[in-house]
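The values are calculated or read from the model by the stated rules, or taken from the named source; none is laboratory data. The structure presented is a predicted model; accordingly, all values stated were derived computationally and were not measured. Here Cβ is always computed from backbone atoms with ideal geometry, including for glycine, and neighbour counts include all displayed protein chains. Ligands, DNA and RNA are stripped out before the accessible areas are found, and what is left, the full protein with its side chains, is counted by its heavy atoms. Shrake-Rupley method; radii C 1.70, N 1.55, O 1.52, S 1.80 Å.
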Amino acid sequence: MPIDPRNVPASARWFPEARFGLFLHWGLYALPARHEWVKHHERIDNEAYRKYFERFDPDLYDPREWARTARQAGMRYFVITTKHHEGFCLFDSRLTDYKATNTPCGRDLLRPMVEAFREEGLKVGFYHSLIDWHHPHYTVDCMHPQRDDPQARAANAQRDFARYREYLHGQVRELLTQYGKVDYLFFDFSYPGEDGKGRDDWGSEELLRMVRELQPGILVNDRLDLEEQGGWDFKTPEQFMVREPMTFRGQPILWETCQTFSGSWGYHRDEATWKSVDQLLYLLIDTVANGGNLLLNVGPTARGEFDHRAKSRLAAMGEWLHRHGRAIYGCGPAPAGFVAPSGCRLTHNPALGRLYVHLLHWPIGELHLDGFAGKVAYAQLLHDASEVGMKTAGETLTLRVPVVKPDVPVPVVELYLA
Ligand code: GLC
């Protein structure tokens, strides 16, 4: 059953504590560099897609550099696409030839990555695609690159989906037995219906049972099509802003929103809608204020590096988190009775008993907090621990902040609760 944030088992406590993780989408699609769904969008068949397999050679790949970048950005876990919908595997699976070891790069890319991130102290997460547009027994359906090709459709009669299901389970077994402790698993995704695939196709219940047996305490996402059965630990709202703490049947749940820097998950050379540092910090703050995690995505290039646009934003976020981590890690929504004034967000650190006012707009001299009077013992700016004066009038607590906005993208006032 989904995990209740008020009662998180010890094995899962790292997750709401972490609040900020790195998503990595890396595969052959880094070469066309125009979205990880390029095979689907452009209806490319296996033969035409082969040119990328034959040229995949990330010569600049340095997983220790990736892991360092993530840690310095303030991220506490990472999630890597072991296989995406295109079917290509970054790891040395014994069940397929369609893997990194057989490309010019000639090595298992996953193992050194897992080791490097672990060494930097990050938790290990795998994303594994349920969908597979390369496997010979994955039947052509509405999502498939060959969906409009009558011949490919007719050839479904010769495809035996049970063999794909076995392959899927076998690969998940490999991933969960050969890379040490795996903390998190993200299956992607189900689209049940006549021309789609869902829990019976994947064998979701059996798959989940095996996962829990192999890695007790692992956290599993919600895309196995076991929504109603409660066969998931946390929800994964994608690319939209959650506006209040999420619930399931009236109970609070753990959730994580995955987001891109720009519109694509895989490396996209010409995509230009990159979010600014301010927007990304708002996203993180808003997420934590509503009790969720932010999983922010980088699509490394086919040379094996992070795009400079991602690097500069990650560095700026890390710089902010260096001084404002107390207002993010282990934090959640404000307790009942505290309402954020306009232009502000509130996060609460229950372990410290402190409330954080994130000022998205900087006021002139004073910030009025209605209903806060008598509830706050001390106030300071978080980035430099400089005292913020307080006065009360009725129910209202007024903070006397400097006229000039502090030189940080989002200033935060730390309130010691009385
Ligand atoms: C989607 C897409 C995908 C991406 C994922 C991340 O479901 O299919 O390309 O990997 O979301 O959550």
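A few remarks follow.
- For the residues Ile364, Ile218, Ile253, a GNM of the chain with alpha-carbon springs under 10 Å puts the largest fluctuation on Ile364.
- Kirkwood radius for the chain, taken over all pairs of different Cα atoms as the inverse mean of 1/r, rounds to 22.8 Å.
- In segment 180-259, chymotrypsin sites (Phe, Trp or Tyr not before Pro) in a DSSP loop with at most 15 other beta-carbon atoms within 10 Å: Phe240
- Lysines with Cα under 26 Å of Lys99, excluding same-chain neighbours fewer than 8 positions away: Lys39, Lys51, Lys83, Lys123, Lys181, Lys197
- Stretching Lys375 away from Arg303 to a fully extended chain increases their span by 20.5 nm, per 0.36 nm per residue minus the current alpha-carbon distance.
- Stretched out straight at 0.36 nm per residue, the stretch from Ala157 to Ala340 would grow longer than its current Cα-Cα span by 60.0 nm.
- Euclidean distance of C-alpha centroids, segment 165-191 and segment 311-348, integer Å: 33 Å
- The modelled label-to-label distance between Asp195 and Gln72, using points 7 Å beyond Cα along the C-beta direction, is 4.9 nm.
- Inter-site label distance for Glu319 and Arg50 at 7 Å from Cα along Cβ, in nm: 4.9 nm
- Selected from Cys89, Phe23, His41, residue furthest toward positive end of dipole (segment 7-89; charges at beta carbon): Phe23
- Taking 7 Å steps out from each Cα toward its Cβ at Arg111 and Lys405 produces label points 5.0 nm apart.
- Sequence-distant residues sharing a close amide H with Lys197 (under 5 Å, placed H): Tyr191
- Computed from the C-beta positions of Glu213 and Asn102, the FRET efficiency with R₀ = 41 Å rounds to 0.85.
- Overall form of segment 65-150 per C-alpha gyration tensor (a/c, 1.5; a/b vs b/c): prolate
- Here the accessible area of the chain is 48 percent carbon and sulfur, with a 1.4 angstrom probe and all protein chains present.
- Charged side chains reduced to their Cβ positions (Lys and Arg at +1, Asp and Glu at -1) give segment 189-285 a dipole of some 360 debye around its Cα centre.
- Selection from Gly389, Pro32, Val413, by position along the positive dipole direction of the chain (Cβ): Gly389
- Per residue accessible area of segment 5-327, 1.4 Å probe, in Å²: 40 Å²
- Net charge dipole size for the chain [Lys, Arg +1 and Asp, Glu -1 on Cβ; Debye, nearest 20]: 900 debye
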